[in-house]
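Colleague: Below is a structure I'd like to ask you about.
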């Protein structure tokens, strides 16, 4: 049975999560203290930790950082405030696997939990193994990409971006981490440069680049490549919830430049 640790100091949220997740068949433990969450996580085997940021004892950032420093690979799903993009980025940079923004729906949270557990329990494929998601197939050893069997010509950097995202499908990769992986640490602040490459990449792999279903934006945070489950859940073209976020982010960015 999948074991989940919930670290949440708001009793109503903690109790609601505990009840809902138990109804889904998970074994759940709850704590309201960050230091206690860290102790339990080190002393017990959990399949996932749901970690609020604002905790007494140790905040969620400290707990996540200390877990990763200790070598723990247990997936961490952080609960963040609605408008605090900086919290999302910091949590991901410290080693969190994903985040859910308050207020959230139970179905969304359960879907994220399932995805995180599935990723960590899946056997790691060989580094040169082909990656196939939907109609996109990437072959690392040949540095080639096809869609519906037809070759797609990508520049070296476009391929590196796509490879980085597809090899971590379903997980959001922050702008800074993606820039560092492809261009190096000296370029981790060049977000507009990255957006230019992503726009070009979408023109090559998406049926409708304005409404992407593969290469998705987490507004002000980073990008993620949809995994198989996400592709099943994304609505029909024109209803993609990520579409509005992409337009909003680009518009806000253009406003700052002006």
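The values are calculated or read from the model by the stated rules, or taken from the named source; none is laboratory data. None of the values given here were measured: they were computed from a predicted structure. Using ideal geometry, Cβ is built from the backbone for each residue, glycine included, and neighbour counts are taken over all protein chains shown.
Colleague: Can you name the helices (runs of 4 or more DSSP H) wholly within the stretch 191-258 that have at least 1 residues being at pLDDT 80 or above and within 16 Å of the chain's Cα centre (by Cα)?
Modeller: It comes to 228-233.
Colleague: Looking only at the stretch 3-20, filter to residues that are within 24 Å of residue 62 (Cβ to Cβ) and in contact with a helix residue (DSSP H, G or I) (Cβ under 9 Å, 6 or more places away or on another chain); which one of those is surrounded by the most Cβ atoms within 10 Å (Cβ to Cβ)?
Modeller: 7
Colleague: Restricting attention to the stretch 119-136, and to residues there that are in contact (Cβ under 8 Å) with a residue 12 or more places away in the chain and not in a loop (DSSP other than H, G, I, E, B), which single residue is surrounded by the fewest Cβ atoms within 10 Å (Cβ to Cβ)?
Modeller: That would be 121.
Colleague: Still on this structure, please answer the following. So, of the residues in the stretch 162-190 that are in contact with a strand residue (DSSP E or B) (Cβ under 8 Å, 6 or more places away or on another chain) and not in a helix (DSSP H, G or I), which turns out to be nearest to residue 138 (Cα to Cα)?
Modeller: Filtering the stretch 162-190 for residues that are in contact with a strand residue (DSSP E or B) (Cβ under 8 Å, 6 or more places away or on another chain) and not in a helix (DSSP H, G or I), the one nearest to residue 138 (Cα to Cα) comes out as 167.
Colleague: Now, a different point. Only one of these conditions is not met by residue 154: (1) outside any loop (DSSP other than H, G, I, E, B); (2) surrounded by 15 or more Cβ atoms within 10 Å (Cβ to Cβ); (3) in the same structural domain as residue 226 (by TED's automatic domain parsing). Which number is it?
Modeller: Only one criterion is unmet by residue 154, namely (1).
Colleague: So residue 66 fits all but one of (1) free of Cβ contacts under 8 Å to residues at least 60 places away in the same chain; (2) outside any loop (DSSP other than H, G, I, E, B); (3) under 18 Å from residue 177 (Cα atoms); what number is the exception?
Modeller: Going through (1) free of Cβ contacts under 8 Å to residues at least 60 places away in the same chain; (2) outside any loop (DSSP other than H, G, I, E, B); (3) under 18 Å from residue 177 (Cα atoms) one by one, residue 66 breaks only (3).
Colleague: Name the single residue that is modelled with the lowest pLDDT among those in the stretch 28-58 being part of a loop (DSSP other than H, G, I, E, B) and in contact with a helix residue (DSSP H, G or I) (Cβ under 6 Å, 6 or more places away or on another chain).
Modeller: 57
Colleague: Does residue 159 satisfy being in a loop (DSSP other than H, G, I, E, B), surrounded by 15 or more Cβ atoms within 10 Å (Cβ to Cβ), without any contact (Cβ under 8 Å) to a residue 40 or more places away in the chain and in contact with a strand residue (DSSP E or B) (Cβ under 9 Å, 6 or more places away or on another chain)?
Modeller: Taking the combined requirement at face value, the residue does not satisfy it.
Colleague: For residue 25, state whether it is surrounded by fewer than 16 Cβ atoms within 10 Å (Cβ to Cβ), on the phi > 0 side of the Ramachandran plot, outside any helix (DSSP H, G or I) and in the same structural domain as residue 87 (by TED's automatic domain parsing).
Modeller: For residue 25, the condition - surrounded by fewer than 16 Cβ atoms within 10 Å (Cβ to Cβ), on the phi > 0 side of the Ramachandran plot, outside any helix (DSSP H, G or I) and in the same structural domain as residue 87 (by TED's automatic domain parsing) - is met.
Colleague: Give 92, 77, 109 a once-over and let me know the one that is over 21 Å from residue 166 (Cα atoms), touching a helix residue (DSSP H, G or I) at 6+ places or on another chain (Cβ under 9 Å) and not in a loop (DSSP other than H, G, I, E, B).
Modeller: Exactly one of 92, 77, 109 is over 21 Å from residue 166 (Cα atoms), touching a helix residue (DSSP H, G or I) at 6+ places or on another chain (Cβ under 9 Å) and not in a loop (DSSP other than H, G, I, E, B), namely 109.
Colleague: Out of 109, 77, report the one residue that is under 24 Å from residue 2 (Cα atoms), surrounded by 14 or more Cβ atoms within 10 Å (Cβ to Cβ) and at pLDDT 90 or above.
Modeller: 77
Colleague: Just to be sure, is residue 143 in the same structural domain as residue 221 (by TED's automatic domain parsing), surrounded by fewer than 16 Cβ atoms within 10 Å (Cβ to Cβ) and touching a helix residue (DSSP H, G or I) at 6+ places or on another chain (Cβ under 6 Å)?
Modeller: Here the answer is yes, as residue 143 does meet what is asked.
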